[in-house]
Amino acid sequence: MDDIDQLLEELVDRFGKPTQAVQTLIDVHRLRILCEPYGVIKVDATPGVTLITFKANAPVDPANIIQLIQKNKHIKLAGNDKLRIEKPLEEAHQRAQLVRDILRNLGRPTTAAATA
């Protein structure tokens, strides 16, 4: 994340305030870095549905996933490795925040599964 911050700072120094497209690119890369420890291999986010795909044996406690689904009617399992979040969000930054919130609610990645 520090490298991204330095890159963004350098871009601002050279070219001024980044355009929305540049800011979105930076935000997407930050999200990729955040997703990696959770075993997330893909995020598909449209204005109506967000799909978060995990690798097999992702380092996430299954009990936390079940609890997340039970507490949120708009979150469902879509197969063994995918969460489907049906929540209308028009803006890309809102969808990115949704993914960050989901990961935060899943708790810390488990170390046993992460090293396996």
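The values are calculated or read from the model by the stated rules, or taken from the named source; none is laboratory data. Every value quoted in this text rests on a predicted model; they were computed, and no experiment measured them. We place every Cβ from the backbone using ideal geometry, glycine too, and count neighbours over all the protein chains shown. Calculation scope for accessible area: heavy atoms of the full protein, side chains included, ligands and nucleic acids excluded. Shrake-Rupley method; radii C 1.70, N 1.55, O 1.52, S 1.80 Å.
Points worth noting:
- Filter result (surrounded by 12 or more Cβ atoms within 10 Å (Cβ to Cβ) and out of contact with any Phe, Trp or Tyr (no Cβ under 9 Å at 6 or more places or on another chain)) within the range 66-83: 67, 68, 69, 72, 74, 75, 76, 77, 78
- Of the residues 79, 39, 107, 16, the single one that is among the small types (Gly, Ala, Ser), modelled with pLDDT under 95 and within 16 Å of the chain's Cα centre (by Cα) is 107.
- Scanning the range 25-33 for any residue that is at positive phi and modelled with pLDDT under 90 turns up nothing.
- Taking the range 95-116 as the range and being exposed (fewer than 15 other Cβ atoms within 10 Å of the Cβ) and polar (S, T, N, Q) as the test, the residues that pass are 97, 105, 111, 115.
- Some residue of the range 32-39 being out of contact with any Pro (no Cβ under 7 Å at 6 or more places or on another chain) and open to solvent by 80 Å² or more (accessible area, probe 1.4 Å): yes
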